[in-house]
């Protein structure tokens, strides 16, 4: 194996691009880009994925407990991954309930999901909630990576204005909170996420030149890449090649989406630089999240797949009606079946992400093995707007600190924040409390 001094550092590797870009873990290089200390093992990653408006509860709930439980109808897309995740029941968010504040369950559901705090009911600038679990982690380990955390969405950023029943839009459109009054605005544009991750000069003459000639990120660094490949092991050569192919594939998909102009009504302006269907949008964001973890650009992320109260339609799966309106189903079987289709759609995207994570290897383990992925929402039944019996899945092994493949039944009505305390502990973050937590959840 070549010595560290004989290898290009990753910073030198990309200096020709005038930017910094992460690479996957290489056996020939005993350090990670932008890390404060040498990394000898895969770091533990943590992500939170949010689904809106509750679920079809009867088709979500699983049968049995422990390792011998049966997957529900909604979870069938995860059948081939059953050993890589656990379903967790009886979790609740009490602070998402009105507690005297009246209507506004959708705003509270999103705002409370990672904070466990009661949102101050205001549509003004005096918003107040609490720090979210991801930002507690970022405060403690964010300095180890170039990006302390990564916030993604398919809905964009709305940090002001009136939304649900007198609540500021900031509550409904932001999952991550730096502190009690500062949301971490998510990014919905894949190109901007890509450039943020890989540090491309997106402004000035260099940025214009890149866009004008549609130069790939890899074109800037290919000569240095070839130089590095001559000095590392054959296994590392394979990793670099696979990584570059993955980066190029994502960039090509983004550029293709930019060129496609959908059929839209006259007078309606099409979104710029954005995939033109929701499945492509979600999946390219998942691909970028995977790359962020793979390159150790960050170890902490949130993805608001849609804000609570979203009225997105899903005509491509036979659901032309708006999601939020359908969620007020009043036990109508036709509406419940359509909600189940939407639940299944989101589950299929989650399965896509987990499969890609599992296929991405780091030594003898996968990226999924080193991760802790929470998938769920702040409402159970959209018709009742209830914030107990929340739909929650915990995927990954957390570098051997989680035991997946089970149905974990929490005791009574367990605060969801107790689960978060357990995850922080596995990240090496010592937190005494998150929102309404009452202790560290055991048995995960």
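The numbers here are math on the coordinates, done by the rules we state, and not lab data. Everything quoted here is computed from the prediction, not taken from an experiment. Neighbour counts are summed over all protein chains in view; Cβ atoms, including those assigned to glycine, are modelled from backbone coordinates with ideal geometry.
Key figures for this structure:
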quantity: Fewest-first ranking of 236, 139, using other Cβ atoms within 10 Å as the exposure measure; calculated: 139, 236
quantity: Exposure proxy order (Cβ contacts within 10 Å, fewest to most) of 69, 352, 346, 171; calculated: 352, 69, 346, 171
quantity: Fewest-first sequence of 417, 360 by Cβ atoms within 10 Å of each Cβ; calculated: 360, 417
quantity: Over segment 382-444, relative contact order from alpha-carbon pairs under 8 Å, at least 6 apart, %; calculated: 30 percent
quantity: Mean-position separation - Cα centroids, segment 339-407 and segment 66-105, in angstrom; calculated: 10 Å
quantity: Fully extended contour minus Cα-Cα distance, from residue 337 to residue 162, at 0.36 nm per residue; calculated: 59.8 nm
quantity: Shape category assigned to segment 305-444 from the gyration tensor of Cα positions, a/c cut at 1.5; calculated: oblate
